[in-house]
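Read the structure below first, then the notes.
The values are calculated or read from the model by the stated rules, or taken from the named source; none is laboratory data. Note that this is a predicted model, so its numbers are computed, not measured. All Cβ positions, even for glycine, are placed from backbone atoms using ideal geometry, and neighbour counts span all protein chains on display. What goes into the accessible areas is simple: the full protein's heavy atoms, side chains included, and nothing from ligands, DNA or RNA. Shrake-Rupley method; radii C 1.70, N 1.55, O 1.52, S 1.80 Å.
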Amino acid sequence: MKKYVCSVCGYEYDPVTGDTDSGIATGTMFEEIPGDWVCPVCGVTKDMFEPE
């Protein structure tokens, strides 16, 4: 599973851990995250992430 990195703050989304604080279950691929999800660190939108 591919990791994605926020181009603003460097937060790394790892599908293995998900983002449970934001309701994204472990094992959720980045492409499956809802479009209204934002970076849990800086708040930018999903389109500001790039593949690692």
Could you please find all residues in region 35-51 being open to solvent by less than 60 Å² (accessible area, probe 1.4 Å) and of a type in the set (Ser, Thr, Tyr)? none
Among what's in region 1-34 and is open to solvent by less than 60 Å² (accessible area, probe 1.4 Å) and touching a residue at least 40 places away in the same chain (Cβ under 8 Å), pick the residue that is nearest to Asp47 (Cα to Cα). Cys6
